Every structure is written in C-alpha cells, then in structure tokens.
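Remarks on the structure that follows.
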Amino acid sequence: ESGLARCRELVAEQPFHRNAYVMGAMLACFLGDSVVAEDVAMLGSRYFPRDGAMHYYLGLAQSRLGLRTEGEASLRHAVDVAPELVAARIVLGVNYLQRGRSKDASKVLDVPKDVQPDDRRAATEVERLRQWMRWRKHMWAIGAALLLVSVAVVRSGAMKWVRGAQWSNDDDRLRWNAMVRRSAVGAVLLGLLLIWGSELKTLAVSIVAIAW
C-alpha cells in the first residue's frame, strides 16, 4: 500500500512519469482496489494513449468493476497497440468467452507469427489452451452424438416394450407412448446442457487460471 501511495504521489508531482502510472495501476490491481487502478490507468492513458500496458491495466480494472464493454474496448486497444502483450490477450479472451463469443476468443488468443510475445511461457500455455479448445470442440460433438444415439436406442426399446405389453385399454398405451417420447426429449436436452455447460465453465476457469 505504501508503494501505491508513493506512485500516486509521483503521478501528482510528475504527470508524464509513465512508470508511476503503470506501477500504480499494477499495484492497485494486485491489492484488489479496482477503483484506484482504473483511476490511475485512465489518467495515464490520456498522457500515453498508445501504451499497451496502460490500457491493459485499465481494461483489467474495468472488467473487475463489471464494466465489461469498456473493459473490452480498453483491452482491445491494448492488443492493437501492443500485440505482443499476452496478458491483455488472455483477459480479453476470457471476457469474450464469458459472453459466448468463442470465435473472437480463439482469434484474440492467436498470437501472430511475426509478433514476439512479451512472455514466452504464457504464450506457450495460451497455444496449448487453443489446441485444447479445438480438441474439446470435437469432443463436444462426439459426446452429443453418443448421447443422441444412446437416447434413440433406449427410446426404441421402450417403445417396443409399450407396443408389445398387454394393456387393459388403449388410453394406458397412449399415455406410456407420450411419456416415453417426453422422457427422450428431456434426456437429450438435459444431456446437452450438462455436456456443453460444464465444458464451457471448465474452459473459462482454465483461461482465468492462466490470466491471473
């Protein structure tokens, strides 16, 4: 906290002290004071509009404050002016995933070959994560296909049993037919929700783990 206070003093004394803005915003984010982080980074971005680190901490603070649209704009600007900034790509990718924009997330996590990442280790983890995303995409489709086949087989067997059983009247047979159909539809919907819902949550948590 004393370091953050000193950074704010330097900012007040020397408005063009770039490192004071970056360090102040970084410390504020580390301490969980997103309001101060946004304030410092916002002021710094006015003096250094093309500083990727400044806009990264601004976007990070705004995202934590729930200002998702503003945060994405700041992070997008950070990636545009500093494409080598892997951290900005990760946080922006997480925001996109949380909004269901998986294609945009995959695109922003793809570091161009002609760009030298500022953090090689993080860049390696991001590439592994992108490969995992592609693999999981196919696994979701396979899981969904297996679910549909399983439900179809069970439904077919249940319908044969209903048709072959001895019923006291046709109304009972019709009720069981309707019950089997509704159960099959419900099982498919629930299965797809469980498959895709859990996978998306796992994916988001994995990316956040790398980001923080």
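The values are calculated or read from the model by the stated rules, or taken from the named source; none is laboratory data. Note that the structure is a prediction, hence the values are computed from the model and not measured. No Cβ is skipped: glycine too gets one built from the backbone with ideal geometry, and neighbour counts run over all protein chains shown. Remember, those area values only see protein heavy atoms, side chains included, never the ligands or the DNA or RNA. Shrake-Rupley method; radii C 1.70, N 1.55, O 1.52, S 1.80 Å.
The label-point distance for Met179 and Phe16, in a model that sets each label 7 Å from Cα toward Cβ, rounds to 8.2 nm. Largest first, the residues Ser102, Ser34 sort by 1.4 Å accessible area into Ser102, Ser34.
Ranked highest first by the average count of other Cβ atoms within 10 Å around their residues, in what order do 93-99, 113-119 fall? Could the numbers behind the result be given before it?
Details: 93-99: 20.9, 113-119: 12.0.
Packing order, densest peptide first, comes out as 93-99, 113-119.
Paramagnetic label reach from Leu31 (point 7 Å along Cα→Cβ; backbone nitrogen cut-off under 16 Å): within the stretch 1-23, residues 1-12, 20-23. Once ligands and nucleic acids are excluded and a 1.4 Å probe is used, how much of Asp51 is accessible, expressed in Å² to the nearest 10? Rounded to the nearest 10, the figure is 20 Å².
The solvent-accessible area of Glu127, taken with every protein chain present and a 1.4 Å probe, is close to 70 Å². Based on protein heavy atoms only, the stretch 1-127 ends up with 53 Å² per residue of surface accessible to a 1.4 Å probe. FRET efficiency for the pair Lys113 and Ala145, taken as 1/(1 + (r/R0)^6) with r the Cβ-Cβ distance and R0 = 30 Å, rounds to 0.30. The residues Trp176, Trp161, sorted by heavy-atom accessible surface at 1.4 Å with ligands and nucleic acids left out, run Trp161, Trp176 from largest to smallest.
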